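Reviewing the structure listed below.
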């Protein structure tokens, strides 16, 4: 069972609520002898951090990570390395504004987990969404930064490829653009368009969905395992755990449903360094096992459910009512899902890598 | 770890190859006192069975299931019931035609798992695809039939909603049509169209993809658990383990990316028997927990990779070559995925039901 | 969760009742390319097989194992090898004598699981003990035979070291004697004594307990993992799952409670091939990780609860009554636990080996 | 896999080293609506806390626990309750004396995990034993305090029943004495003897082993599950994960090996409130399932390996040397294992309780 844990060999257990004291996680199964400092983790956290543009929530959280365990100075080199024991990570909450919760305390916000948590547990932490808040994903990003170090030869990158009905032009894909706009968008022109488009969404008090694509390059052939430990099955599960995600696809994905066998199946030819596929409709996975091509995953993020427009709902006592969700929210929560998706990809790959190669470094 | 097992409380472990002696599974965690005979399982197996129309593989397998353990006549009533101990199920392979494998033994079929199994294990069972064959899914369907009995008030049904670029007309959806055409298609007119359309595909030696939708009605609110045991995450993982599946979506799915917050978030009103949602973009899951509405999952199935047209590939020695995959194949492997998808849905729901209610019947 | 599964990377799932159609198991996670035939497994099964002397149950079961999946002839060598896919094993029950169950059907046999199964499940398979019968251990022995092949350099052997209050003389330990008496006893003189002693027990319709010791030689240093995956913790769990086992100890075990620190802690010296311990009170495990010394586990087996002397008990309706358990039983069920203990040791070691080295052969 | 996690439904993941910043754990699966404050946990921690008598290590740690997540004031009652989300617990290390580690940094202490951690990971945290220190058990005790609250009708108590060769007189067992002496000893006279006896051990710079008994009363019949989720198997695994434990037994334990069937099997009679057993050699478990009688587990703790007498060992470079382990140590580390054993018992029972009854409170 794994309510708040994911992974088998590379295992991440997270805890913490949006407006609690702190959030954190325990990364178990990381091999020893990997150089690791807080700075290694902070970089990824900073990419996910809120409040960096007007297109994400204005909550101000420094998201400073502390390593509580699992590392030490190497006895000979003095370099701080992992020891093979669990790595405890802590991020304090600092901007959990002591706001007035009366509006949401007794009403179920449509599209949120309010109703279902209440149905399951009989109560819910209404303060900022409690455990169901996207704030939890900060701990995944921290774990993902460690996962990346387990896979030194694998490069995991993500991009926003669609907002609302507007898709990027794939011919203009430029990874270098990702860091130059507030959308992680690889298409420079579309990024400019998104700026205007999202301003309109934001000012109208609405929100909009998005599609994110994560690509892992350098994944060796042979990762994953039939039948129920398929690499793509684990990736689908991982992405679907991210807040607001409603769909996941690998390679050609839903597009594969429209293809014929000869269009879809990637042909092969001998290359200089092994087998070469002539296309990658498979998204780097066949039969649940990696092909050696880039692993390509896309996921759809629904629009933020917290909007300024009044919505019909019911309250905890079962009476009809209306709700307006004020407060600090992302007009397009999909944007900040990019580093989260990268982290999940990195964690899944690290997990499978360790399943195949064993948990020990030596 | 679960290479060939899925589920936690309702656990299914499968074994067997396409052209081996037999396939089978062990269903562990089934509560006691549930009436169960082989006939209860056979019905679902018959719906998945190959060779029932010209649109599926012509392999003839009776798929007769034997219960090897886990049931006994109730001491008082004499009715055969489950005992709470593991249920062993066996299906013998009878039509594993002793064919000539020389064409595929040393060549990697594009789109198949041949290359990746070889990359992982150093060898592969080339006889009918071995373990990577869709034949394995028969055991899932058998397990799913038992899962259905764990959930007497839940109705799980599946339908084919798209072949190639052709989607059904949802206004014409009629569950009664499902059993009247060889496609599990709920749109009578589209089913007639598919007949002609697929004949063309079949005769040209090609194949085509499809999209399947599985709907579970009667699921109580509160099933599933944050954060990494989300009901939709488990469903995504389950569907993605089905052969040839490349995408999974819940409710509005990828369509949610194109919606605004006010379009997407399902409003609520008080109904006669509890809370009523005014729409179901969520697909019955919010925050990973069921809402009480129908749980709706769709998945995309790629076209069968075995086609009669020559394709470029490499052989085990690394030389360039071509391959034509003769033999008995489904022109649209998505069709028979309908009962398999139902089985996976039933198993995931049974698993979550037992997580919440405990494994014991009393 | 693992009701009927043990292990993580080397996973064994068993099923079947004493008087059902068949018993069997699925061995998942076995690396590919390991030569494996039914004969490799049959040898260990024959050692556990009942009816081989007057000191074990007279039930006659050939215990012929069938491999249903997971092996194939190697494409080049033709040798039958594992493929990395799950190995299904089946053993048919042939001597499930259609006896009169009226005596035990409604009464709880003291010392048996009758009462607890009924308390848990509301019914129990009274035919030969159903799932709680030691017959289930045949499938473990089969799995253990495969585990041994995963660990070619490890030798796992077991011995009976005590029956009732009578312990063997360790100075007379001779592994060669194990196969020469019906008790797996390494002390020739004590084996002769046991023959007379057990005849007395048997003729009086009584039964007696025993202690078994399992030794694994050739285990490399570094297997196991802190804190909750300790090798000795997994061994203790494994042995305690064997029917009738009530105690487990590693190395000096309970004797360590009586030792001082200087007596107990094994000193070290440099040897020709690495570190050498001057004693092995640790039983080959320190901090949950193997030391490279022999891993030594002992477990206590309670006397068979089925005896010919009348015992006070209650029936299913809650009334006081008496019971005499006729039928075929082992006067000392500990004897046949020797190959079972070996199998569990082999499975645990294989599991840890694969955790550390990964599941793949290449 | 669970290197640093135990339990399935009630899951505890621990982290932290002896001389690191902090230790802590995440308790996952705790049902909602259970009143819980730090004070509820602190009581058990205080019982395990070092430095409370001259018979335990003189390290001074307040062991103040902080709850980081998983609780909130109930919206109606204002009482702080669990929410069903993971409970993060943190205990800061305050007395990790910056001592001179040169003596142990490069030498393997006999009886410690130094050699095996180094064999496995290539390095080890030599500062106070790092992760292998008994300090980790503080987090278990904290988790156990929560487990107790999951089981309001179960009373879990532990006692020290043997030090060295000296066993308590069971006729003198008085639970009230447990809190009145520094040994958790239920035999007043023996406790007085232990005071003198242990002073001798301590002053000679030696150490001694012990045996601990844990008793759980009020456990309902029917907890546990065949075959590999047996309650006693899980208890054996749990106890064997405690530092320095070398043996575990249930009920009559190793003594059962010396009994005949009629002596060992507990007879039954009808009582006022259900079935009554006339003895409890089974220790409350038959066939891996609880009988409703007290669950009785004993475990042997080896003597502290850190002693003041010089011992032969090797260093990291493979050279022969000697070592004297100075510093603050428990002359009988078994004493403080009493609350740890209680915690493990409580956690295992809570885990099985939730497996059977489900994870949700409603």
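The values are calculated or read from the model by the stated rules, or taken from the named source; none is laboratory data. Quick caveat: nothing in here was measured; it's all calculated off a predicted structure. Positions of Cβ are backbone-derived with ideal geometry, glycine not excepted, and every protein chain shown enters the neighbour counts.
I'm trying to understand the selection: among the residues of region B:61-90, which are out of contact with any helix residue (DSSP H, G or I) (no Cβ under 6 Å at 6 or more places or on another chain), touching a residue at least 12 places away in the same chain (Cβ under 8 Å) and not in a loop (DSSP other than H, G, I, E, B)?
B:66, B:71, B:80, B:81, B:82, B:87, B:88, B:90
Looking for whichever is part of a loop (DSSP other than H, G, I, E, B), out of contact with any helix residue (DSSP H, G or I) (no Cβ under 7 Å at 6 or more places or on another chain) and closer than 30 Å to residue C:261 by Cβ here; the options are D:127, D:135. Which one fits?
D:127
Kindly establish whether residue A:43 is over 28 Å from residue D:12 (Cβ atoms), touching a residue at least 24 places away in the same chain (Cβ under 8 Å) and not in a loop (DSSP other than H, G, I, E, B).
Numbers: over 28 Å from residue D:12 (Cβ atoms): yes; touching a residue at least 24 places away in the same chain (Cβ under 8 Å): yes; not in a loop (DSSP other than H, G, I, E, B): yes.
Taking the combined requirement at face value, the residue satisfies it.
Any residue at all in region B:155-174 that's farther than 21 Å from residue B:245 by Cβ and touching a strand residue (DSSP E or B) at 6+ places or on another chain (Cβ under 6 Å)?
yes
Which residue, of B:31, B:35, is more than 12 Å from chain C (Cβ to nearest Cβ) and either more than 16 Å from residue C:88 (Cβ to Cβ) or crowded, with 24+ Cβ neighbours inside 10 Å (or both)?
Of B:31, B:35, the one residue that is more than 12 Å from chain C (Cβ to nearest Cβ) and either more than 16 Å from residue C:88 (Cβ to Cβ) or crowded, with 24+ Cβ neighbours inside 10 Å (or both) is B:35.
Looking at residue C:208, is it closer than 25 Å to residue C:326 by Cα and within 22 Å of the chain's Cα centre (by Cα)?
Yes: the conditions hold for residue C:208.
Quick test of your reading of the structure: residue C:178 fulfils all but one of (1) at positive phi; (2) modelled with pLDDT of 95 or more. Name the failing condition by number.
With respect to (1) at positive phi; (2) modelled with pLDDT of 95 or more, residue C:178 is out only on (1).
Could you tell me how many of the residues in region D:264-277 are more than 7 Å from chain C (Cβ to nearest Cβ) and either surrounded by fewer than 17 Cβ atoms within 10 Å (Cβ to Cβ) or touching a helix residue (DSSP H, G or I) at 6+ places or on another chain (Cβ under 7 Å) (or both)? Before the answer, list the steps.
Applying the first criterion (more than 7 Å from chain C (Cβ to nearest Cβ)) to region D:264-277 yields D:271-274, D:276-277.
Remaining after also requiring either surrounded by fewer than 17 Cβ atoms within 10 Å (Cβ to Cβ) or touching a helix residue (DSSP H, G or I) at 6+ places or on another chain (Cβ under 7 Å) (or both): D:271-274, D:276.
Within region D:264-277, residues that are more than 7 Å from chain C (Cβ to nearest Cβ) and either surrounded by fewer than 17 Cβ atoms within 10 Å (Cβ to Cβ) or touching a helix residue (DSSP H, G or I) at 6+ places or on another chain (Cβ under 7 Å) (or both) number 5.
Of the residues C:188, C:203, only one is free of Cβ contacts under 8 Å to residues at least 12 places away in the same chain and over 27 Å from residue C:349 (Cα atoms); which?
Going through C:188, C:203 in turn, just one is free of Cβ contacts under 8 Å to residues at least 12 places away in the same chain and over 27 Å from residue C:349 (Cα atoms): C:203.
Would you check if residue B:115 is crowded, with 23+ Cβ neighbours inside 10 Å and either on the phi > 0 side of the Ramachandran plot or over 17 Å from the mean Cα position of the chain (by Cα) (or both)?
yes
Condition (residue is closer than 30 Å to residue D:357 by Cα, in contact (Cβ under 8 Å) with a residue 40 or more places away in the chain, more than 7 Å from every other protein chain (Cβ to nearest Cβ) and touching a strand residue (DSSP E or B) at 6+ places or on another chain (Cβ under 9 Å)) applied to region D:240-258: is it met by at least one residue?
yes
Is it true that some residue in region B:52-67 is closer than 21 Å to residue C:121 by Cβ, more than 20 Å from the chain's Cα centre (by Cα) and away from chain A (no Cβ under 14 Å)?
The answer is yes; a qualifying residue exists.
Collect the residues in region B:145-158 that are in contact with a helix residue (DSSP H, G or I) (Cβ under 6 Å, 6 or more places away or on another chain) and under 30 Å from residue A:260 (Cα atoms), keeping them in residue-number order.
B:156, B:158
What number goes with the only condition from (1) crowded, with 21+ Cβ neighbours inside 10 Å; (2) farther than 26 Å from residue D:356 by Cα that residue C:13 does not pass?
The failed condition is (2).
Any chance you could count how many residues in region D:178-201 are assigned to a helix (DSSP H, G or I) and closer than 20 Å to residue D:51 by Cα?
Here is the first cut: in region D:178-201, the residues assigned to a helix (DSSP H, G or I) are D:178-180, D:188-201.
Imposing the further condition that a residue be closer than 20 Å to residue D:51 by Cα reduces the set to D:178-180, D:191-192, D:194-201.
Total satisfying the criteria: 13.
If you take the residues of region D:286-319 that are within 22 Å of residue C:239 (Cβ to Cβ) and more than 8 Å from every other protein chain (Cβ to nearest Cβ), which of them is surrounded by the fewest Cβ atoms within 10 Å (Cβ to Cβ)?
That would be D:296.
Taking region B:1-28 on its own, how many of its residues are within 7 Å of another protein chain (Cβ to nearest Cβ) and part of a loop (DSSP other than H, G, I, E, B)?
Final tally of qualifying residues: 10.
Would you point out the residue of region A:202-222, among those that are assigned to a loop (DSSP other than H, G, I, E, B) and at the interface with chain B (Cβ under 8 Å from one of its Cβ atoms), that is surrounded by the most Cβ atoms within 10 Å (Cβ to Cβ)?
Within region A:202-222, the match that is surrounded by the most Cβ atoms within 10 Å (Cβ to Cβ) is A:207.
Yes/no per residue for (1) modelled with pLDDT of 95 or more; (2) touching a helix residue (DSSP H, G or I) at 6+ places or on another chain (Cβ under 8 Å):
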{"residue": "A:216", "(1), (2)": "yes, yes"}
{"residue": "A:226", "(1), (2)": "no, yes"}
{"residue": "A:232", "(1), (2)": "yes, yes"}
{"residue": "A:241", "(1), (2)": "yes, yes"}
{"residue": "A:248", "(1), (2)": "yes, yes"}
{"residue": "A:255", "(1), (2)": "yes, no"}
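Which one of these is surrounded by fewer than 18 Cβ atoms within 10 Å (Cβ to Cβ), more than 24 Å from residue B:33 (Cβ to Cβ) and within 14 Å of chain D (Cβ to nearest Cβ): C:172, C:180, C:167?
That would be C:167, the only listed residue that is surrounded by fewer than 18 Cβ atoms within 10 Å (Cβ to Cβ), more than 24 Å from residue B:33 (Cβ to Cβ) and within 14 Å of chain D (Cβ to nearest Cβ).
Yes/no per residue for (1) within 11 Å of another protein chain (Cβ to nearest Cβ); (2) surrounded by fewer than 23 Cβ atoms within 10 Å (Cβ to Cβ); (3) without any contact (Cβ under 8 Å) to a residue 60 or more places away in the chain:
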site	(1), (2), (3)
A:105	yes, yes, yes
A:111	yes, no, no
A:124	yes, no, yes
A:143	no, no, no
A:152	no, yes, yes
A:157	no, yes, no
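If a residue must be modelled with pLDDT under 75 and at positive phi, how many such residues does region B:48-71 contain?
Count: 1.
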